[in-house]
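Visitor: Below is a structure I'd like to ask you about.
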Protein chains: 2
Amino acid sequence: MISKESITNEFKALQDAICQGLELEDGVSKFQQDSWIRPEGGGGRSRVIENGALIEKGGVNFSAVFGDTPENIKKSFGYDDSEFYATGVSIVLHPKNPFVPIIHMNIRYFEMNDNTWWFGGGIDLTPHYIDMEDAAFFHKSLKDVCDRHHPTYYSIYKKWADDYFFIQHRNETRGVGGIFFDRLTQKDKKEKLLAFVIDVGKSFVPIYSEISRKKKEKEFGDAERDWQLIRRGRYAEFNLAIDRGTKFGLETNGRIESILMSLPPLASWKYNYIPDEKSAEYDTIQWLKKDVDWINK
Amino acid sequence: MISKESITNEFKALQDAICQGLELEDGVSKFQQDSWIRPEGGGGRSRVIENGALIEKGGVNFSAVFGDTPENIKKSFGYDDSEFYATGVSIVLHPKNPFVPIIHMNIRYFEMNDNTWWFGGGIDLTPHYIDMEDAAFFHKSLKDVCDRHHPTYYSIYKKWADDYFFIQHRNETRGVGGIFFDRLTQKDKKEKLLAFVIDVGKSFVPIYSEISRKKKEKEFGDAERDWQLIRRGRYAEFNLAIDRGTKFGLETNGRIESILMSLPPLASWKYNYIPDEKSAEYDTIQWLKKDVDWINK
């Protein structure tokens, strides 16, 4: 069976490849790395890019942490093994141009012993302005990745993303969704599941490059920038008030700057702001709902 | 015994007086009111001021809600009466000038029956730049209000504010604190407790006027504005990830625009931003801790 060290190395290599790919796409800024150590065991490499041509602020995190299982992990996962191992790659990019969407990707592996382990992860897209073609391309690309591994993955994980990336108090989805999966485990199939999550990870740069290239030089004005900041406010609401990953990090004393790297460089909250009907902003809100079949729209 | 209707009317009158006082201080913008109705019983008057000379964005909310007790209220309060009544006034002001602090005030009354009722509330100050004189004045003013009602109130409620307005994941207080109290109840003393919370409410405008007048026309540049936005980011972190009032509102399906009125008009998150030592920004961070005796510093 493939070892946790091998999985960790594959994740690390993926972080390297993604950062290289994104630097090429950006063309101006480079990632800055902070390595950090977790006193109780393990650590990580946080990489942040700021003020780029494409990316206003973005982070590509790798971490591998292990040691005695904290009580809250035991409780929330329902296992009481004394030791745990967790590794993952986590990305959020806030683009400069409002016509380019925010994107998030995460893959992770968790292990307690040879019989108790799982993979989790996902990718989701948060356009400030929804472009139906981009949304279809995004979902088609994810479906292609899923279909290479299992015919039912896409439909199940697409639905899971709709449910997970949902801002209950706003009654709207975070964006056009994507895929989300957790606790993937199957006896004697660890290699196959690893191949799937690595494939998800490798799809990230090609997908985002395709979507961002079409728009990153599109002209925009104050109105579009203002709208971008409002949508980023919603993103911050999701990450701070809802996201289980963020909550878990905050409650388990993780490295705070790595956890909150996902927060936008600039965001705004206007009281009771409702865009004019028939505006592009209004249209976008109408599509922020679950169960849209983006591919066949 | 004083009725809930009388308390409600006193709270309403307080909202009126505070809005009038703040409009005078601002001199440019006026409050806009949205009345709303809670389908299950009650409603409120949300008042928001934006783009003023003093206040960039601020809200003064009044609400009185009642009806069948929601299950989550029963659970979180530990009472299972079938009906409840809750009324309160809640304020957050985000000033335009970074040298003027953010301020928050809340007073509330909750009742289940003639024997089960309590008052809660508090005021706390969040300077972008801590001014020791202002902090001393602020705490001295609150101590004066408290002392008029009970000699131990200030020391207990000051400590309570330090503990409540604390951003655990940043290991810093939200600002210089103030007073916080909850579940104040005493048989046959409802009038006295009401007089205390009303006195707290009435102190709001004079205190904030005094503090803001000295600074609202002080010149500032991009550096101070940037720092203000970073501190507002922390404020958003507290309100979205920690504040029990916000959480309660979001989970009980309150009017979302009234609950999130407290969020800043514009906020920023810079990765791992640490101000230069010996800067005013650095000094401010050093004071963001519990148990500072601001009055006798």
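Visitor: Need one value: the accessible area of A:E10 in square angstrom, 1.4 angstrom probe, rounded to the nearest 10.
Guide: 80
Visitor: What nm distance separates the two modelled labels at A:I156 and A:D68, each placed 7 Å from Cα along Cα→Cβ?
Guide: 3.7
Visitor: Taking only C-alpha pairs under 8 Å that are 6+ residues apart, what is the relative contact order of chain A in percent?
Guide: 18
Visitor: Per the Cauchy relation, a quarter of the hull surface: what is the mean projected area of the convex hull of the alpha carbons in the range B:156-297, in nm²?
Guide: Working: hull surface 45.7 nm².
Computed as one quarter of the Cα hull surface, the answer is 11.4 nm².
Visitor: If you don't mind, there's one more thing I want to ask. All other residues with a Cβ under 13 Å from the Cβ of A:E224 taken together, and with Lys, Arg as +1 and Asp, Glu as -1, what is their net charge?
Guide: On the way: positive: A:K96, A:K215, A:K218, A:R225, A:R231, A:R232; negative: A:E219, A:D222, A:D226, A:E281.
Value of the local net charge: +2.
Visitor: For the rotation taking chain A to chain B, which residue of A has the Cβ nearest the axis, and how many Å away is it?
Guide: A:L240, 2
Visitor: Here is a further query. So for A:K159, A:K297, what's the accessible-area order with a 1.4 Å probe, most first?
Guide: I get A:K297, A:K159, largest accessible area first.
Visitor: On a 0 to 90° scale, report how tilted helix B:132-147 is relative to the longest principal axis of chain B, with both axes built from alpha carbons and the result rounded to the nearest 10.
Guide: On a 0 to 90 degree scale, this one is about 20.
Visitor: If you build the Cα gyration tensor of chain B and take the root of 5 times each eigenvalue, what three semi-axes come out, in whole angstrom, biggest first?
Guide: For chain B, the ellipsoid semi-axes come out as 31, 21, 19 Å.
Visitor: Could you give the spread of the C-alpha atoms of the range A:49-127 along their three principal axes, from largest to smallest, in whole angstroms?
Guide: 47, 21, 19
Visitor: Show which aspartates and glutamates lie in cross-link reach of B:K57 when reach means a straight Cα distance below 16 angstrom and same-chain residues fewer than eight apart are skipped.
Guide: Leaving aside aspartates and glutamates fewer than 8 places away in the same chain, those within reach of B:K57 are A:D226, B:E23, B:E25, B:D26, B:D34, B:E257.
Visitor: Just tell me how shielded A:44-50 is by partners: mean number of partner chain Cβ atoms within 10 Å of each residue's Cβ, no decimals. Display every interim value, and only then the final one.
Guide: Details: counts 0, 0, 2, 0, 3, 1, 2.
Going residue by residue through A:44-50 and averaging, the value is 1.
Visitor: Taking chain A as the reference, fit the longest principal axis to its C-alpha atoms, fit the long axis of helix A:153-164 to the helix C-alpha atoms, and give the angle between the two in degrees, 0 to 90, nearest 10.
Guide: Tilt relative to chain A: about 70 degrees.
Visitor: Restricting to Cα atoms and excluding each atom paired with itself, what does the Kirkwood estimate give for the range A:27-95 in Å?
Guide: Values: mean 1/r = 0.0728 Å⁻¹.
Roughly 13.7 Å, rounded to one decimal.
Visitor: Next question, about the same structure. Between B:F77 and A:D81, what FRET efficiency follows from the Cβ-Cβ distance if R0 is 30 Å, with the result rounded to 0.05?
Guide: E between B:F77 and A:D81, to the nearest 0.05, is 0.25.
Visitor: Something else: With point charges of +1 on the Cβ of Lys and Arg and -1 on the Cβ of Asp and Glu, referenced to the Cα centre of the protein assembly as shown, which listed residue (B:L266, A:P127, B:F238) lies farthest in the positive direction of the dipole?
Guide: B:F238
Visitor: Rounded to a whole number, what % of the accessible area of the range B:4-286 do carbon and sulfur atoms account for, probe 1.4 Å?
Guide: 48
Visitor: How are the C-alpha pair distances of the range A:76-163 spread across 5 Å bins, as whole percents from the shortest bin up?
Guide: Going out from 0 Å in 5 Å bins, the range A:76-163 shows 3, 11, 17, 19, 18, 14, 9, 6, 3, 1 percent.
Visitor: Sorted by average packing, counted as other Cβ atoms within 10 angstrom per residue and highest first, what order do A:224-232, B:183-191 take?
Guide: By packing density, highest mean first, the sequence is A:224-232, B:183-191.
Visitor: I've got another one for you. Ignoring ligands, DNA and RNA, how much accessible area is buried between chains B and A, both sides summed, with a 1.4 Å probe, to the nearest 100 Å²?
Guide: Numbers: alone 14240 and 14220 Å², together 25890 Å².
Using a 1.4 Å probe, the pair buries roughly 2600 Å².
Visitor: Measuring from label point to label point, each 7 Å out along Cα→Cβ, what is the A:D144 to B:N51 span in nm?
Guide: 4.6
Visitor: Something else about it: Across peptide B:266-279, how many C-beta atoms of other chains are within 10 Å of each residue C-beta, on average? Walk me through the intermediate numbers first.
Guide: Working: counts 7, 10, 8, 13, 7, 15, 10, 1, 1, 0, 0, 0, 0, 0.
Mean shielding count: 5.
Visitor: Considering every residue in A:236-243, what mean count of other chain Cβ atoms within 10 Å of its Cβ is obtained?
Guide: Mean inter-chain Cβ contacts per residue within 10 Å come to 5.
Visitor: Separate question: Say we join alpha carbon atoms closer than 10 Å with springs in a Gaussian network model of chain A; which of A:N171, A:N106, A:N239 then has the biggest fluctuation?
Guide: Looking only at A:N171, A:N106, A:N239, the biggest GNM fluctuation is shown by A:N171.
Visitor: Just to be sure I follow: if Rg is taken over the C-alpha atoms of the range A:23-154 and Rh is the Kirkwood radius over the same atoms, what is Rg/Rh? Intermediate results must be reported in sequence, preceding the final value.
Guide: Numbers: Rg = 18.0 Å, Rh = 17.2 Å.
Using only Cα positions, Rg/Rh for the range A:23-154 is 1.05.
Visitor: Continuing with this model, one more query. Measure nothing fancy, just the Cα-based angle from helix B:4-26's long axis to the longest principal axis of chain B, in degrees from 0 to 90, nearest 10.
Guide: Value to nearest ten degrees: 20.
Visitor: Label-point separation (nm) for B:Y273 and A:L24, each offset 7 Å from Cα along Cα-to-Cβ?
Guide: 3.3
Visitor: If we hang a label 7 Å off Cα along the beta carbon direction at A:E210, how far is it from the matching labels on the other copies, in nm, shortest first?
Guide: Ordered by increasing distance: 6.5 nm.
Visitor: In whole Å, what are the Cα extents of the protein assembly as shown along the three principal axes, biggest one first?
Guide: 72, 51, 51
The values are calculated or read from the model by the stated rules, or taken from the named source; none is laboratory data. In this text the structure is predicted, and so the values were computed from the model without any measurement. Backbone-built Cβ (ideal geometry, glycine too); neighbour counts: all protein chains shown. Keep in mind that these areas ignore ligands, DNA and RNA; they rest on the heavy atoms of the full protein, side chains included. Shrake-Rupley method; radii C 1.70, N 1.55, O 1.52, S 1.80 Å.
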